[in-house]
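To start, the structure under review is shown below, and the notes come after it.
The values are calculated or read from the model by the stated rules, or taken from the named source; none is laboratory data. Because the structure is predicted, anything quoted here is derived from the model rather than measured. Positions of Cβ are generated from backbone atoms using ideal geometry, with glycine treated the same way; all protein chains shown enter the neighbour counts. All accessible areas refer to the heavy atoms of the entire protein, side chains included, with ligands and DNA or RNA removed. Shrake-Rupley method; radii C 1.70, N 1.55, O 1.52, S 1.80 Å.
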Amino acid sequence: MKKPYNFEEIEQKWQKIWEEKKVFEVSEDADRPKYYLLEMYPYPSGRIHMGHVRNYSIGDALARYKKMKGYNVLHPIGWDALGLPAENAAIKRGIHPQKWTLDNIDYMRDQMKRMGFSYCWSREVNTCLPEYYKWNQWIFLKMFEQGLAYRKMSWVNWCPQCRTVLANEQVIGGCCWRCDSQVTQRKMEQWFLRITAYAEELLSGHRLLSRWPEHVLQMQKNWIGKSTGALVRFPVPDLKREIEVFTTRIDTIYGATFLVLSPEHPLATELIAAHPQKEALAEWIARTIAESRLKREERDEEKVGYDTGVRAVNPFTGELIPIFLANYVLMDYGTGAVMAVPAHDQRDYEFATKYNLPIRKVIVPPSPGVKAEEGRAFEEPGILINSGPFSGLRSEEAMDKMAAYAKEKGFGEPSVTYRLRDWGISRQRYWGTPIPIIYCDRCGVQPVPYDQLPVVIPYKAQFTGEEGSPLERVPEFVNTTCPKCGGPARRETDTMDTFVDSSWYFFRYCSPNEDRLPFDPEKAKYWMPVDLYIGGVEHAILHLIYSRFFTKYLRDLGLTDVDEPFPHYLAQGMVTKDGAAMSKSRGNIVDPDDMIKKYGADALRIFILFASPPEKEFAWSDEGLEGCYRFILRIWNLFEENIDLFSAEEVRDQDVFHRDSYERLQKKLHQTIKKVTEDIEVRFHLNTAISALMELVNLIKKEKDRLRTSHQGRQLLRQALEALNLMVSPFAPHVAEELWERTGHQTLVAETPWPVYDPELAKEEMVTIVVQVNGKVRDKFEAPLDADEEELKQKALSLKRIQEILAGQQPKKIVCVKNKLVSLVV
């Protein structure tokens with residue numbers, strides 16, 4: 001009698017067994033290859049969502065596969081548990097941030113266990129616990145000792161809704177990354193980490209990241225923004241000062257007819273001191289500074305500026321040129337001062353045209369066939385004219401010679417600058433790591449002694465939503481003694497940006513109970529780097545750059561020999577429904593709990609892995625989930641129908657050997673093992689791996705009756721079912737364990753070796769594919785019979801002859817005819 005498939009009972013049973021047997025607990029083992037697989041840890045917002053389910057299902061399938069392949073797999077999880085949402089919950093609901101956070105963690109941990117994720121729970125990390133954030137403080141103090149953590153007055157991004165400072169990286173399109181409010185500018189004393197000390201290494205380290213998506217590397221390169229050029233100092237006779245300008249186009253300096261300074265520039269106030277409209281100018285400066293940086297950066301934003309009345313000397317021409325303040329120059333770029341060359345920079349051209357300033361052409365196109373567009377700046381390199389002794393030189397040669405000349409004469413030198421700015425980590429909030437600094441009127445700024453760490457977040461605090469940190473209003477926290485003189489002192493009340501927590505948490509998993517250092521260097525030496533890191537592309541700049549920075553710093557501190565924490569990064573696509581990303585505000589959320597209750601965790605896992613490749617967007621479909629549930633039912637029923645094959649006594653009712661059926665299934669079995677292995681191991685195409693398993697199930701069902709008529713057939717059928725059982729286990733581990741037990745095995749699937757294939761039996765039948773471009777045959781290649789369309793497209797586009805014909809063009813259309821043709825239209 002067939003046993004019905006009861007997913008609720010099966011899933012609870014195996015989750016309990018895995019936990020009791022500590023199946024996924026690991027320790028260092030020099031005799032086995034290690035594999036450290038990590039998904040970005042979640043913020044404990046209350047419930048896991050489908051984005052979490054997708055991220056963690058991808059990671060779990062890969063972790064289980066690696067374990068079956070014999071690797072010593074570290075697959076940990078933790079909680080990014082500090083941050084503003086907990087504080088907002090305290091304000092709105094009257095729940096203390098600590099209780100809100102810990103309750104959410106308990107609920108989400110239970111959800112994850114119900115999904116059957118193979119986490120090493122003994123290594124769970126929680127960043128809101130003092131035993132974790134103590135080490136944030138320890139690292140900060142080490143940076144402080146070395147001048148890499150410092151305090152200064154600075155213009156900062158201010159979110160009026162969150163009532164706190166934001167790092168540049170946390171301002172997206174002029175708005176707060178968290179709440180989407182318009183960001184303004186404020187001048188405040190802030191703590192910074194000197195990430196710029198690692199700017200060049202953050203760029204050059206990209207050579208070690210060949211297994212990162214190219215667009216992620218490009219996003220980082222753009223953010224770091226390396227520029228090679230020259231620093232030039234323009235004397236200001238009236239002020240007996242110099243204005244330093246960074247330029248990437250010193251070849252155009254003979255065409256510099258005015259200077260433009262950012263309103264934030266330190267000299268701005270001095271420059272307008274004697275101006276007849278000083279008050280109006282000061283008001284404009286304040287108003288402009290308060291505008292969003294994004295608005296001021298836009299090329300089509302109206303350029304507004306004021307002549308300060310003060311003049312500077314162009315050191316190359318000796319000419320006196322006006323100094324303007326203008327909204328289109330930002331203090332963040334270069335030195336906050338620009339030599340304006342309106343003939344060869346479009347923004348300068350628009351500004352000069354508006355204010356009737358001289359436009360002097362000093363570059364002409366390098367060949368007669370190239371002409372400058374009328375009414376626009378010519379911004380390309382070319383041949384210098386009207387440039388004194390440098391006239392006639394090409395731009396490239398002139399840049400080197402003019403920078404060398406500036407150095408020789410003492411008013412400049414070659415230089416490299418970066419768009420990247422130091423990381424402002426001060427936050428005026430409660431639920432974050434307290435910055436371990438004490439202020440003493442007598443001794444000044446003092447670091448908290450190491451033996452007094454952690455500086456603990458005080459439990460008693462008032463959450464009113466008023467501006468300023470709640471910590472300011474906790475006297476027993478603020479008032480302390482100076483570690484140097486013993487006199488009365490006060491604590492820093494800013495807390496650290498929570499991205500500090502996630503910048504090194506992956507090291508902590510290596511030794512989560514270490515109490516002498518942030519982590520045990522020897523254990524980190526065994527586990528690090530992370531072999532595969534999985535998470536959303538939205539973290540390409542913030543988290544991934546900060547983590548790379550911290551890793552390089554911890555290396556320089558002598559705690560690790562790792563240069564890059566994540567040599568392989570898989571950016572998974574988002575989950576959408578009804579054409580939009582799932583979100584509460586859109587009302588298109590699907591609750592994983594509801595789906596687990598209705599279909600079981602295994603069906604949900606298979607669906608979320610089957611519907612698209614990991615790096616692509618995933619569109620939710622109730623029908624798709626139902627289909628995956630039916631697929632599990634088909635596997636279950638297939639085993640139930642053939643359960644007798646696994647009994648000790650073989651039933652011999654007849655013995656007719658059907659060679660054709662035998663050879664078909666034998667070949668398909670080995671081809672499937674090969675494909676699933678390669679799809680997981682090499683391509684991470686979990687969707688096509690599952691598709692291959694579906695094809696195998698279909699063939700087993702088709703051939704099983706004919707195979708059962710012979711001893712050889714029954715043996716092959718049993719072998720195919722066992723291999724199917726093992727191969728389905730990374731995707732649907734609960735039903736796989738239950739079937740393994742049902743068929744008499746004494747081991748766990750999770751601890752059973754992955755099936756192997758015979759290369760001869762796995763050989764694909766090959767066909768010749770013709771490649772056409774605009775209807776003409778241009779090349780051909782061999783491909784496996786019934787190869788999928790995407791595989792054929794990629795192979796065709798990779799052919800050398802086709803690349804030569806395309807010459808960088810993208811085809812308008814690609815048509816594939818199965819087993820015959822790929823046609824490109826260009």
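With contacts taken as Cα pairs under 8 Å at a separation of at least 6 residues, the range 57-203 carries a relative contact order of 19 percent.
The alpha carbon gyration tensor of the range 659-774 gives principal lengths a ≥ b ≥ c with a/c of 1.5 or higher and a/b no greater than b/c, which makes the shape oblate. Reducing the range 387-418 and the range 703-762 to their Cα centroids gives an inter-centroid distance of 72 Å. Per residue, the chain reaches -11000 deg cm²/dmol at 222 nm when only DSSP H runs of four or more residues are counted, each adding -39500 (n - 2.57). Amide H contacts of Tyr43: Asp80, each under 5 Å away and 5 or more positions distant or on a separate chain (H built 1.01 Å from N in the peptide plane; Pro and chain starts excluded).
Magnitude of the Cβ-charge dipole of the range 579-659, K/R +1 and D/E -1, about the Cα centre, nearest 20 debye?
Value, rounded to 20: 520 debye.
Which of the aspartates and glutamates could a cross-linker bridge to Lys780, judged by Cα under 20 Å and excluding same-chain residues fewer than eight apart? Candidates past the 8-residue exclusion: Glu764, Glu765, Asp788, Glu789, Glu790, Glu791, Glu804.
Roll a 1.4 Å probe over the protein chains and send me the accessible area per residue for the range 727-826 in Å². Before the final figure, lay out the partial values.
Values: 5550 Å² over 100 residues.
Accessible area per residue, the range 727-826: 55 Å².
Thr317 sits among other residues whose Cβ lies under 15 Å from its own Cβ, and their net charge, with Lys and Arg +1 and Asp and Glu -1, is +3. What helices does the chain have that are whole DSSP H segments, at least 24 Å long along their own axis by Cα, and with mean Kyte-Doolittle hydropathy of 0.0 or more? Sorted by number, the helices that extend far enough and score high enough are 686-707. Pairs from the list Lys2/Lys704; Lys598/Lys702; Lys584/Lys616; Lys240/Lys361; Lys361/Lys409; Lys577/Lys616 with a Cα-Cα gap above 19 Å: Lys598/Lys702; Lys584/Lys616; Lys240/Lys361; Lys361/Lys409. Could you tell me how far the Cα centroid of the range 558-573 sits from the Cα centroid of the range 85-157, in Å? Rounded to whole Å, the Cα centres lie 21 Å apart.
Quick one: with all protein chains in place, what share of the accessible area of the range 234-276 is carbon or sulfur, to the nearest percent (1.4 Å probe)? Write down the numbers at each step before the final one.
Numbers: 840 of 1620 Å².
Carbon-and-sulfur percentage of accessible area, whole number: 52.
A 1.4 Å probe run over the range 168-306, with the rest of the protein chains in place, finds 47 Å² accessible per residue. Once backbone amide H atoms are built at 1.01 Å from N, Gln772 has Arg778, Val822, Ser823, Leu824 as its partners under 5 Å, excluding neighbours fewer than 5 places away on the same chain. Assign one of three labels to the range 521-669, namely rounded, prolate or oblate, based on the Cα gyration tensor with a ≥ b ≥ c the square roots of its eigenvalues; rounded applies when a/c is under 1.5, prolate when it is not and a/b is larger than b/c, and oblate otherwise. Because a/c hits 1.5 or more and a/b fails to exceed b/c, the range 521-669 counts as oblate. How charged is the neighbourhood of Pro475? Take every other residue with its Cβ under 12 Å from the Cβ of Pro475, and add Lys/Arg as +1 and Asp/Glu as -1. My count for the surroundings of Pro475 gives +2. Within the same chain, lysines fewer than 8 places from Lys525 are excluded, and of the rest, those with a Cα less than 29 Å from its Cα are Lys21, Lys22, Lys34, Lys66, Lys67, Lys69, Lys134, Lys142, Lys221, Lys552.
Accessible surface calculations at 1.4 Å, restricted to protein heavy atoms, place the range 520-586 at 36 Å² per residue. For the range 612-766, the relative contact order comes to 30 percent (Cα pairs under 8 Å, sequence separation of at least 6). Approximating the spin labels as points 7 Å out from Cα along Cα→Cβ, the Glu790-to-Asp591 distance works out to 3.3 nm.
On the protein heavy atoms, probe 1.4 angstrom, tell me the percent of accessible surface of the range 551-688 carried by carbon and sulfur. Carbon-and-sulfur percentage of accessible area, whole number: 48.
Summing Lys, Arg as +1 and Asp, Glu as -1, what charge do residues with Cβ under 14 Å from the Cβ of Leu699 carry, Leu699 excluded? All intermediate terms of the calculation are to be shown ahead of the outcome.
Numbers: positive: Arg634, Arg664, Lys667, Lys668, Lys675, Lys701, Lys702, Lys704, Arg706; negative: Asp660, Glu663, Glu695, Glu703, Asp705, Asp786.
Here the charged neighbours net out to +3.
Only Cα pairs under 8 Å and 6+ residues apart enter the sum, and on that basis the relative contact order of the chain stands at 14 percent. Among the listed options [x] 31.2; [y] 32.7; [z] 28.9, the one matching Kirkwood radius over Cα pairs in Å as calculated from these coordinates is [x].
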